[in-house]
1. Residue farthest toward the positive end of the dipole of the chain, with Cβ of Lys/Arg at +1 and Asp/Glu at -1: which of Ile121, Ala244, Gly174?
2. First check a/c for the stretch 134-193, with a ≥ b ≥ c the square roots of the eigenvalues of its C-alpha gyration tensor; if it is under 1.5, answer rounded, and if not, answer prolate when a/b is larger than b/c or oblate otherwise.
3. Would you mind ranking Glu182, Glu91, Glu204 so that the residue whose beta carbon has the fewest other beta carbons within 10 Å leads the list?
4. Provide the gained length on full extension for the span Ile224 to Glu91, in nm with one decimal, where the gain is 0.36 nm per separating residue minus the Cα-Cα distance.
5. Apply 1/(1 + (r/R0)^6) to the Cβ-Cβ distance of Lys110 and Ile160, taking R0 = 22 Å, and write down the FRET efficiency to the nearest 0.05.
6. Taking the inverse of the average 1/r across all pairs of different Cα atoms in the stretch 169-267, what Kirkwood radius in Å do you get?
7. Got the relative contact order for the chain handy, in percent, Cα pairs under 8 Å and 6 or more residues apart?
8. So what is the 222 nm mean residue ellipticity for the chain from helices alone, if each DSSP H run of at least 4 adds -39500 (n - 2.57) and you divide by all residues, rounding to the nearest 500 deg cm²/dmol?
Amino acid sequence: MVAKRSTSSLLTLDLRRDEFVELRSGNLGVRLAESAAEKDAARALRYRVFYEEMGAKPSEQAIRTKRDYDDFDEYADYLLVIDHNKTDVMERVVGTYRLLPQDKAESIGKFYSNGEYDLSILQEYPGKLLEVGRSCVAPAYRGRAAMQLLWEGIAFYIFIHHIDILFGCASLPGTNLDDHAEGLTYLYHTHLAPPALRVPALPERYVEMQRLDPHHLDHRRALIRLPPLIKGYLRLGGYVGDGAVIDEQFNTTDVAVIVKTELFADKYYRHYERRLRDALE
């Protein structure tokens, strides 16, 4: 259930634990999709970004429908950035993230990331899991506001669903490993997950991340060159798994990203908890 609030303040919250409340920043808001039409708009946005802009290889169905869609979409929640200055639903949805909580993944029998990584160690970890993916923002909205709202939305989702571990496959553009040698080496030597969270790439898809001598690595340059989304996970205390994976369909080089949500909470939603506690006392 989604509750709406309109206010001039940056963020607004209802104080009920079972609702996802729209968070606003100017004309933009972030909330879960409320209708099939909004989910369809998110899939259309994903198609434009992934296939038309980034060079992913569409299936015949994707070409025919101009939508990015797979079996996981029927089970996932859609986090949307909405431009309230637009009236047409296809124009209103300007950013999206696909959220697949553990209970819904169990309905389909797997997570999307199971196709690239052995998730056994995460699935044995105590606590609830949330897989995130299919993140994109329309070109005209790729400033700070839209991405910040997506992070805020994920944080609030984590809060109301009591998520302990957030994870997913994050992408570097292109499949030329020479282009990513610096970034992959940097990630492995500075952000490798501890053993209890270190998911390995599937043996048949495993790509070695240590591609350069780490002693001669320019850490600052390597970090700057990483995609903004991966840098966002790292700022939240995120780790990477062992091994990269080439995704030929999406024309990317993927790494597994794992974030303990207690670190996420420190940055984004401690004030949610405080306000809820005050309201319930």
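What follows draws every value from the coordinates through simple rules; no lab data is involved. This structure is a prediction, so every number in the text was calculated from the model and none was measured. Positions of Cβ are generated from backbone atoms using ideal geometry, with glycine treated the same way; all protein chains shown enter the neighbour counts.
1. So the residue furthest toward the plus end is Gly174.
2. On the way: a/c = 2.75, a/b = 1.38, b/c = 2.00.
Oblate is the answer for the stretch 134-193, as a/c is 1.5 or above yet b/c matches or exceeds a/b.
3. On the way: Glu182 19, Glu91 12, Glu204 6.
The most exposed by this proxy come first: Glu204, Glu91, Glu182.
4. Details: separation 133, 0.36 × 133 = 47.88 nm, distance 3.15 nm.
That works out to 44.7 nm of additional length.
5. Details: r = 24 Å, r/R0 = 1.11.
So, using R0 = 22 Å, E works out to roughly 0.35.
6. Numbers: mean 1/r = 0.0736 Å⁻¹.
It works out to 13.6 Å.
7. Numbers: 508 pairs, mean separation 52.0, N = 281.
It rounds to 18 percent for the chain.
8. On the way: 11 runs with 96 residues, N = 281.
It lands at -9500 deg cm²/dmol.
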